[in-house]
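The next block holds one structure in the form of structure tokens; read it before the comments.
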């Protein structure tokens, strides 16, 4: 509950200052729930003397499950587990308040209460039950912005949450922005600290204290070029060892009709180039084409051992095209080829695994009229670890601006490389949505999903179930703030 | 485009060619009436009627001498915005120049063209008025401050009808290219306004009321120039949409308009209410936005904008937005509130992801293994991947090598190195570090299989965090040089 305290404090502060005449505010409440099922695996064993020879070689249980028998007295195998059902629910609130009596001062907070009320309590991310995502005071003057509190820092070095202070100073004459920040960090992509048990389901070693985060960023904003360089370090306060030390550069440049975006990050602590990318986009009113190169290398904190296993990066080339063939028809296609760098592994005992792959997808949207829209996609992926082939489509009927209905469906085939466990899924569903005056939105979604897990033994499984989801979003605001909820459906120009 | 509907208007008491019709054939009666005051006694004596009695006409038009006629005097004064009465005008003229008073009292001085016969009466010959008052040029082109010599502001001329106002003549200034955008404002402002005088040029007030201005001007209530005009529903309004200033067509306008707004917010306030900006600026409004007036009565509604994605937001932008968002976060903040980012980047358990396509749960192995996107931008591997895989029964902690999960690859435990280095994040979604150090550790019964691959900079890692080295090497960390 510690995480909830700042959120509660923020709400109290917000409520307390609500009486201020000049105050303006925006509050968004979301409540969502879904009911989903899945069937996993259960590890099992039989006595070695009960195993029988399998028709294709090896051994199996008398009822046909392939088993692994070692030198011990037992043979091991996986069989399909029971159907597990989760009903995660979330209530989240996001508030922004300004006009607090000090010009440029505002208060912002986003938090949520979450839980799984299903019979099996299996859904991830439902602990802790109260979560503060952001809650900070923001002060803006002409060339200065300062924040204090819990913040989520958007950055090329992954979005980072921390409790601390953040300051940006702009120097307009030089088109420069300089930012500095520091505080106590949260877990990677988490709203709680790394010390929280919710981030340690496998009971692994974890630091005792939250890491101290500090960083700086300089941005040069000149005409159509944005260039940004940043540096970040995280320190374990217990022994002053580094948790990470990284730097990154991002750039966006526009030379009409070409747009270039790119950047890279560098892991200073490990002395390795991290991920990098460069994309060129040719933009025209009726079509756009982009091509790029990309390198991906995973990042691990230094308090884990994973980085010592020398993960290798892959390099990719990709392309994307979109064409508005006629006013009512939009076509799109995307493809990517990638190949891993040499893993430095060689042994005569085992064959080499896949080290390259590709992804491709194509889709079309047909807008018959203001009410009817058809959409379809087809995609293929082939690469190490897993492949997939999928197709999906939807029909949308929107009788007016406030109401819309979808019927959707699709199919998927997904073989794995390292396990006999080829999955196929079929789904069909419908979704309805009602949005009133930009302040209220209700939606509900029901789908029937049929999953098959194929294996050459008795461990195949299937699960046909209904997934149901529903939600409501409410927006409140002072009279001068007419900002509606973001459009539920993205509008195109 | 701004559409001035004042075109073709006719100012009351103008030359009268198009409006005034002589209802009495004065020239036919020239010999009968040597003096104008015989019929229009009120011209020189306000106590007398301005019009003759119809019975006076009947003395001749009795059906015998002359045919009968039907004529009645006007029942109400003609609509006018003149600050003029014959008697007052005569008195003022006489007081200013007694020698000229007789001439002034000569009706033809104002009501006949030069050289015309005495009874070739017109309503008023404006040129004569201008001559006497020392003004030159066409009537509607005289200096602004001269209008008030003869005219009251429109709002003080209740006798004029809307139709009459719409026929006021249109000054040539209204046809200037920049008149609608900026030009009319410069003309309307009074420079060196004397104390007590209106804040708007008299010639504007002569024909217009504030109703015209608030058709477009959002900042009408704050503008001293516009506020100097009174409201009057008879005033014409602009009928069509507003023009787009040339500055808005500049390529860099979208990016630079915030800077422009801070420097010169007044010009923005002319056409934009705060609501215009809030169409896109969904965060806490920037100061320039907050300084704008909110829409309301007494001012124009403001330019109505629609919020559409910029060209960069192609269908692929969902995948590619990170580079732009990292390099240009302020641009995102213009239209997107942080909760929108948090929906995906800090997903909640109750939501259906708007980022991933349908049935992504079944498809995610292929996307996750080769990291189609960086999962860790949004998902904590332990909280999200490990805990779910744990519920699914595929987590292998402390039973590695026994269960044979990777059964499609005979001898995987010996040959897993390549797969591990290619997708270590996938390994970490099911395996704890303890699974690996069983074989890779140099202490504690490990098999000392070296896990370090090409490019591993042991010295650097040790200098930053030796605890990583100690975990497998104990205190006997090999010389990393």
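Quick look at the values:
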read-out: log₁₀ of I(q)/I(0) at q = 0.17, 0.19, 0.20 Å⁻¹ - segment A:438-480, Debye sum with one point per alpha carbon; value: -0.66, -0.72, -0.75
read-out: Peptide A:294-303 - average C-beta neighbours from other chains (10 Å radius); value: 4
read-out: Per-residue average of Cβ from other chains inside 10 Å of A:340-347; value: 6
read-out: Theoretical FRET efficiency, 1/(1+(r/R0)^6), r = Cβ-Cβ of residue B:176 and residue B:116, R0 35 Å, to 0.05; value: 0.50
read-out: Packing-based ranking, highest mean first, of A:123-132, B:160-169 given that Cβ atoms within 10 Å are counted; value: A:123-132, B:160-169
read-out: Computed log₁₀ I(q)/I(0) - Debye formula, equal Cα scatterers, no solvent, segment A:71-143, q 0.25 Å⁻¹; value: -1.06
read-out: Principal semi-axes in Å for segment A:323-367 [√(5λ), Cα gyration tensor, largest first]; value: 42, 9, 4
read-out: Angle in degrees between helix B:86-96 and the longest Cα principal axis of chain B, rounded to the nearest 10; value: 80
read-out: Residues residue A:174 and residue A:238, FRET efficiency given R0 of 56 Å [Cβ-Cβ distance, rounded to 0.05]; value: 0.85
read-out: For segment B:425-481 versus segment B:100-164, the gap between their alpha-carbon centres in whole angstrom; value: 103
read-out: Proportion of all alpha-carbon pairs of chain A beyond 41 Å (%); value: 33
read-out: Binned Cα-Cα distances of segment B:351-446, short to long, each 10 Å bin given as a whole percent; value: 13, 45, 31, 10, 1
read-out: Convex hull (Cα only) mean projected area of segment A:192-251, reported in nm² to one decimal; value: 5.5
read-out: Segment residue A:397-residue A:47, extension gain: residue separation times 0.36 nm, minus the distance between their alpha carbons; value: 120.1 nm
read-out: Cut-off 17 Å (backbone N to label point 7 Å along Cα→Cβ of residue A:214), residues of segment A:172-195; value: A:179-186
read-out: Taking the convex hull of Cα positions in segment A:26-156, its mean projected area over all directions (nm²); value: 14.4
read-out: Shielding score for A:186-197, defined as the mean number of other chain Cβ atoms within 10 Å; value: 4
read-out: Kirkwood Rh in Å, taken over segment A:102-158 so that all alpha-carbon pairs contribute; value: 14.0
read-out: Equivalent ellipsoid dimensions for the protein assembly as shown as semi-axes, Å, which come from the Cα gyration tensor, largest first; value: 83, 29, 23
read-out: Residue B:61 paired with residue B:145, simple spin-label distance in nm, labels 7 Å along Cα-to-beta-carbon; value: 4.8
read-out: Euclidean distance of C-alpha centroids, segment B:324-348 and segment A:210-271, integer Å; value: 17
read-out: In degrees, nearest ten, helix A:4-16 long axis to first principal axis of chain A (Cα); value: 30
read-out: 222 nm mean residue ellipticity, helices alone, for the protein assembly as shown (DSSP H n ≥ 4; -39,500 (n - 2.57); rounded to 500); value: -4500 deg cm²/dmol
read-out: Segment A:202-340 - convex hull of alpha carbons, volume per residue in Å³; value: 159
read-out: Binned Cα-Cα distances of segment A:274-427, short to long, each 10 Å bin given as a whole percent; value: 9, 25, 30, 22, 11, 3, 0
read-out: Debye intensity ratio I(q)/I(0), log10, segment A:142-273, q values 0.17, 0.20 Å⁻¹ (C-alpha model); value: -0.97, -1.20
read-out: Semi-axis lengths, Å, chain B, gyration tensor of Cα atoms, sqrt of 5 times eigenvalues; value: 94, 22, 16
read-out: Chain A, relative contact order in percent, only Cα pairs under 8 angstrom and at least six apart counted; value: 10
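Only the coordinates and a few stated rules stand behind these numbers; no lab work does. This structure is a prediction, so every number in the text was calculated from the model and none was measured. Because the Cβ atoms are built from the backbone with ideal geometry, glycine has one as well, and the counts that use them run over all protein chains shown.
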